[in-house]
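Asker: Before anything else, here's the structure in question.
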Amino acid sequence: MRRLLPSLLIFLIIINCAKADRDKKDVVTIIFKHGKIAGDPEPFRQLLERFEKENPGIKIKDETLPASTDEQHQFYVINLEGKSSDFDVLSMDVIWVPEFARAGWLRDLSHLLSEKERDEFFEGPMQAVSYKGRVYAIPWYIDAGVLYYRKDLLQKYGFKPPETWQELVKIAQHIISREKRLYGFIWQGKQYEGLVCNALEYFWSNGGDILKDGKVVIDSPENIEALSFMRDLIAKYKITPPLVTTATEEPTRHIFGSGRAVFMRNWPYAWNIFEKDGSPVKGKVGVAPMPSFPKGRSASTLGGWQLGINRYSRHPEAAERFVKFLTSGEAQKTLALTIGYKPTRKSLYKDRDLIEKQPFIVGLYEVFLNARPRPVSPYYMMMSQVLQPELSAAIAGIKTPDEALKSARRHIDHILEAEK
Amino acid sequence: MKEPESGNRFVVPALLLLSLVTVYPLIYVFYLSLQRRLLIFDISRFVGLDNYIFLLRDDRFWNAMKNTAYFTVVSVSLELLFGLSIALLLNRQFRFRGLVRAIVLIPWAIPTVVSARMWEWIYNTDFGILNYLLGTEINWLGSPSWAMNAAIFMDVWKTTPFVAILLTAGLQIIPRDLYQAAMIDGAGSWAVFRKITLPLLKPVILVVLIFRTLDAFRVFDAVYVLTGGGPANTTETLSIYAYKVLFQTLQFGYGSTLSVIVFLCTGGISLFYVKLLSRGMK
C-alpha cells in the first residue's frame, strides 16, 4: 500500500492534467486590441468579466496599444497587411474604417445590424463605419469637438456664449484686456491629426470642405479665408497664444483646467475632469457648439472609436458575440456612467440614470447629432498626412494659407490619382 | 600572371554576396520608384518618370532637402571644430587622462533614441532644465526658428566624442620628433599646428568627415524622436520624409523615389570624399 499510494497519486495528477488540457481546448480566447482606457480601468475590467461569465467558453484577453493614434494605426496596418491573426477584435478611430475595409482586412458585419438597428445609432459614426453600402464596424463611443467657456467670466462682463467666430474674438479680447494672466482662446495646433480636426471645423463653418462630390476642393476661397482666420487668432487678434502651435488635447486641457483661459476647443472628455472636486474651475465651465462664420453653420468634427473584427481571426463567431456585447446599450451605459465614454446609441441620451449623473450629456446630444465625419474615404489617412504639415506651416506663419492649401491640393491630387 | 587570376576567383563569393544584399535591393527600389504603388489596396501601375516629375515640383521635398543640407553642414562643422579641440587637449599629458577620455565618450555610448528622449526633457518649455538655467521661457522644440538648431545641438553633443576619439588616435600616430625638430627651429605653437599637425592629420580628418557627413545626411532617429519632423516640417529631413511617405502613407512608389534621391546624394558625397582622400594620400 505504501508503494501504491504515490503511484496512485501520480496517476491521478496525470489524469487531471489531461482533463484540464481538454477543458482548455473548448475555451476560445478572443484578443481585443484597444487604446488606453481613460481613467480607472476597473469598471472596464468588470465589464469584460461579466461577458466571460455570460459566455462560458469565451475568454477575453485585452491588450493595450501605444498611446498615439498614429502609432496605433501603423501597428494595425503592418500587422493586418501581414495577415496577422494575433488579435481578433480591434478598436478603430472613426477615420480608419473605409481604409481597412478597402484593404480587405475587416470582416463584413452588416448582418449584425438590421436596418432598424442602424437607425438607433448617430448618423455620423454610422456613415463612418460603412464602405460601399456594407457595415465593417460598430460604433462604440462617440466624440465631437465642442467649445468650452468660462461661465463665470462671461457672466461678469455680461456676455452670452458666442455663436459666431467674430463674437468669440470680441468677447475674448474684451475679457483678457481686463483680467490678468489669461489667454483668450486655446485649441490644438500641433502638427498631428488633431490639427486637421480643428481646421475642418473652421472650413465647414465657412461652407468649405476637403472633398466635394468626389472632387478635391481643399484650396477653395472659403478654406483659405478660414485658415487665414486661424492664423489671425494668433497673429492679429492675439487671443490665442503661439504655444497652441505645439499643443495637443492634454496641454490645452491643463491650461483651461487651471483657470488660465476664457475659451477652449476640445473633446467632451475634459468636462468630467473640470467638474471633479478640487478642480479650480469646478462649476464655472459651460459648453457650447462650435461658433461659425456668417456664411456657414456651426460644425463639429466627429471623433470616437468603433469595434471591428480582423478578417484573419480564427474565432469570428465568438468575436462577433463580444463586439455585440460591448456595443450594446447596456455596456455603453455602464461605460458612460463609469468612465464617461459617450454612447453611440441615441436612446441613451434620454436615460434617466445617465442624465442624473452627467447632466451635461443632454447638451451634447445636439452636437453629436450634427457632428460631421472627416472625409469618408479609404485615402483619408494619406490625405491627412499631407495636410498636417501644410496646416501647421500656415498657422505658424511660415507659409501663407493660400500657398499651404495649394501645396496640399497638389499632394492630394497626386494621391487620388492612384485610383484612376 | 597566375596570381591575380586566382585572386579574382577568390573575390567572386564576396561580390555575389554584396550584389545580393546591396545591388539587388537598390535595383528593386529604383524599379519601385517608377511605379504608382499602394500595397494595401493592391494598386501597382507603371508610371514611368511621373514620380520624379512630381518630386521636382514638390515643395515639401525641397524643404526637406534644405533642412538636411543645413543640418549636415552645421552639425558636421561644429563637430569637427569641437572634436579637434578636445582631441588636442586629450593628446596632452595630464593626470587622469584615461579617465577623462572614458568620460568624454559617454554621450556617444548612449543609444540615440535614449539621448533624444533625454534632450526632449531638457528642452521642455515648462519643466526643462535648459530654460531653468537660462531663465528663459523658450519653446525650443516647438518654435520653427529654434527646433532645427536644438536638434543640431543635440547631435553635436552626441557625436563630438566620436570625432574627438578618432582624431586623438590620428594625433598619436604623428611622430614626436617632428614636433621636437620644429621646436628646435623655433616654430610657435600656431605654426606647429598649421604646418605639422593639420597636414598629417588630414587623412584622418577626411575619414571622419566621410563618416559624419553621410550619417548627418541620412539623419533619422535623433530628429524623429526629438521633433517628429515638426513644427511645420521645419525639422523634416529627407530620411524622415521618405519614412513618412513609405510607412505612414504607404505609398511605396513615391517613397522609393525619395529613397533613390537620398541614395544618389549620399553616393555623390562619398565619391567626392573618396576623390579627395585619394588625392590626399598621394
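The values are calculated or read from the model by the stated rules, or taken from the named source; none is laboratory data. Every value quoted in this text rests on a predicted model; they were computed, and no experiment measured them. Cβ placement follows ideal geometry from the backbone for every residue including glycine, while neighbour counts extend to all protein chains displayed.
Asker: Given A:GLY278, A:GLY329, A:GLY308, A:GLY296, which one is surrounded by fewer than 20 Cβ atoms within 10 Å (Cβ to Cβ), in contact with a Phe, Trp or Tyr (Cβ under 9 Å, 6 or more places away or on another chain) and of a type in the set (Gly, Ala, Ser)?
Answerer: Criteria check complete, one pass: A:GLY296.
Asker: Regarding A:TYR183, is this residue aromatic (Phe, Trp, Tyr) and touching a Gly at 6+ places or on another chain (Cβ under 9 Å)?
Answerer: The answer is no for A:TYR183.
Residues checked against (1) in contact with a Ser or Thr (Cβ under 7 Å, 6 or more places away or on another chain); (2) among the hydrophobic types (A, V, I, L, M, F, W, C):
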{"position": "A:TRP187", "(1), (2)": "yes, yes"}
{"position": "A:TYR192", "(1), (2)": "yes, no"}
{"position": "A:GLU222", "(1), (2)": "no, no"}
{"position": "A:ALA235", "(1), (2)": "no, yes"}
{"position": "A:PRO280", "(1), (2)": "yes, no"}
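Asker: Take the residues in segment A:344-360 that are out of contact with any Lys or Arg (no Cβ under 7 Å at 6 or more places or on another chain) and without any contact (Cβ under 8 Å) to a residue 60 or more places away in the chain; name whichever of them is surrounded by the most Cβ atoms within 10 Å (Cβ to Cβ). Explain how you work it out, then say what you get.
Answerer: In the first step, residues of segment A:344-360 are kept if they are out of contact with any Lys or Arg (no Cβ under 7 Å at 6 or more places or on another chain); the result is A:344-347, A:349-350, A:352-353, A:355-360.
Those still in the list that are without any contact (Cβ under 8 Å) to a residue 60 or more places away in the chain too: A:349-350, A:352-353, A:355-357, A:359.
Numbers: A:TYR349: 20, A:LYS350: 11, A:ARG352: 7, A:ASP353: 11, A:ILE355: 14, A:GLU356: 9, A:LYS357: 14, A:PRO359: 10.
Going through the qualifying residues, I end up with A:TYR349.
Asker: Going through segment A:175-196 one residue at a time, which ones are assigned to a loop (DSSP other than H, G, I, E, B) and under 31 Å from the mean Cα position of the chain (by Cα)? Break it down stepwise before answering.
Answerer: Restricting attention to segment A:175-196, the residues satisfying the condition of being assigned to a loop (DSSP other than H, G, I, E, B) are A:177-182, A:187-192.
A:LEU182, A:TRP187, A:GLN188, A:GLY189, A:LYS190, A:GLN191, A:TYR192 - these are the residues of segment A:175-196 that are assigned to a loop (DSSP other than H, G, I, E, B) and under 31 Å from the mean Cα position of the chain (by Cα).
Asker: Just one of A:ALA199, A:ALA172, A:ALA226 is at pLDDT 95 or above, closer than 21 Å to A:SER292 by Cβ, touching a strand residue (DSSP E or B) at 6+ places or on another chain (Cβ under 6 Å) and in a helix (DSSP H, G or I); which is it?
Answerer: A:ALA172
Asker: Among B:ALA150, B:ALA164, which is closer than 20 Å to B:LEU226 by Cα and within 17 Å of the chain's Cα centre (by Cα)?
Answerer: On inspection, the qualifying residue turns out to be B:ALA150.
Asker: If I filter segment A:162-196 down to residues being hydroxyl-bearing (Ser, Thr, Tyr) and away from chain B (no Cβ under 14 Å), which single residue comes out as surrounded by the fewest Cβ atoms within 10 Å (Cβ to Cβ)? It would help to see each step written out before you state the result.
Answerer: Of the residues in segment A:162-196, the ones hydroxyl-bearing (Ser, Thr, Tyr) are A:164, A:177, A:183, A:192.
Those still in the list that are away from chain B (no Cβ under 14 Å) too: A:164, A:177, A:183.
Numbers: A:THR164: 15, A:SER177: 9, A:TYR183: 21.
Per the criteria, the residue is A:SER177.
Asker: Just one of the numbered conditions (1) touching a residue at least 12 places away in the same chain (Cβ under 8 Å); (2) away from chain A (no Cβ under 13 Å) is not true of B:GLY229; which one?
Answerer: (2)
Asker: Of the conditions (1) over 24 Å from A:GLU419 (Cα atoms); (2) in a loop (DSSP other than H, G, I, E, B), A:ASP152 fails just one. Which one is it?
Answerer: (2)
Asker: Could you say which residue among B:THR234, B:THR257 is within 12 Å of chain A (Cβ to nearest Cβ), buried (at least 24 other Cβ atoms within 10 Å of the Cβ) and either on the phi > 0 side of the Ramachandran plot or part of a loop (DSSP other than H, G, I, E, B) (or both)?
Answerer: B:THR234
Asker: From the set of residues in segment B:237-249 that are farther than 19 Å from B:PHE30 by Cβ and touching a residue at least 60 places away in the same chain (Cβ under 8 Å), which is farthest from the other protein chains (Cβ to nearest Cβ)?
Answerer: Per the stated criteria, the residue is B:THR237.
Asker: With respect to the numbered conditions (1) in contact with a Gly (Cβ under 8 Å, 6 or more places away or on another chain); (2) more than 14 Å from chain A (Cβ to nearest Cβ); (3) part of a loop (DSSP other than H, G, I, E, B), which one is the sole condition not fulfilled by B:GLN93?
Answerer: Of (1) in contact with a Gly (Cβ under 8 Å, 6 or more places away or on another chain); (2) more than 14 Å from chain A (Cβ to nearest Cβ); (3) part of a loop (DSSP other than H, G, I, E, B), only one is false for B:GLN93: (1).
Asker: Quick one: count up the residues across segment B:19-43 that are surrounded by 15 or more Cβ atoms within 10 Å (Cβ to Cβ), among the polar types (S, T, N, Q) and over 11 Å from B:THR257 (Cα atoms).
Answerer: Here the count works out to 0.
Asker: Can you find a residue that is among the polar types (S, T, N, Q), within 25 Å of the chain's Cα centre (by Cα), farther than 21 Å from A:GLN173 by Cα and outside any loop (DSSP other than H, G, I, E, B) anywhere in segment A:242-264?
Answerer: Checked against the condition, which is being among the polar types (S, T, N, Q), within 25 Å of the chain's Cα centre (by Cα), farther than 21 Å from A:GLN173 by Cα and outside any loop (DSSP other than H, G, I, E, B), segment A:242-264 yields at least one hit.
Asker: Given A:ALA199, A:ALA235, which one is in contact with a Leu (Cβ under 6 Å, 6 or more places away or on another chain) and within 14 Å of chain B (Cβ to nearest Cβ)?
Answerer: Going through A:ALA199, A:ALA235 in turn, the sole match is A:ALA199.
Asker: Check B:THR160 against each of (1) in contact with a helix residue (DSSP H, G or I) (Cβ under 8 Å, 6 or more places away or on another chain); (2) farther than 30 Å from B:ARG117 by Cα; (3) in contact (Cβ under 8 Å) with a residue 40 or more places away in the chain and name the one condition it does not meet.
Answerer: Only one criterion in (1) in contact with a helix residue (DSSP H, G or I) (Cβ under 8 Å, 6 or more places away or on another chain); (2) farther than 30 Å from B:ARG117 by Cα; (3) in contact (Cβ under 8 Å) with a residue 40 or more places away in the chain is unmet by B:THR160, namely (2).
Asker: Quick test for you: out of A:ALA137, A:ALA101, pick the one residue that is small (Gly, Ala, Ser) and either surrounded by fewer than 21 Cβ atoms within 10 Å (Cβ to Cβ) or over 26 Å from B:SER44 (Cα atoms) (or both).
Answerer: A:ALA137
Asker: (1) under 22 Å from the mean Cα position of the chain (by Cα); (2) at pLDDT 95 or above; (3) among the aliphatic types (A, V, I, L, M): which one isn't true of A:MET382, the others all being true?
Answerer: Result: A:MET382 fails condition (2) only.
Asker: Only residues that are assigned to a loop (DSSP other than H, G, I, E, B) and within 10 Å of chain B (Cβ to nearest Cβ): list them for segment A:362-420, please.
Answerer: A:PRO378, A:TYR379, A:ALA396, A:GLY397, A:ILE398, A:LYS399, A:LYS420
Asker: Is it the case that some residue within segment B:60-78 is within 12 Å of another protein chain (Cβ to nearest Cβ), crowded, with 17+ Cβ neighbours inside 10 Å and of a type in the set (Lys, Arg)?
Answerer: Yes, because at least one residue in segment B:60-78 is within 12 Å of another protein chain (Cβ to nearest Cβ), crowded, with 17+ Cβ neighbours inside 10 Å and of a type in the set (Lys, Arg).
Asker: Considering (1) in the same structural domain as A:GLU249 (by TED's automatic domain parsing); (2) buried (at least 18 other Cβ atoms within 10 Å of the Cβ), say which one A:LYS284 fails and leave the rest.
Answerer: (2)
Asker: Now a separate question. Which one is surrounded by the most Cβ atoms within 10 Å (Cβ to Cβ) among residues in segment A:52-98 that are of a type in the set (Asp, Glu) and within 17 Å of the chain's Cα centre (by Cα)?
Answerer: Here the residue is A:ASP93.
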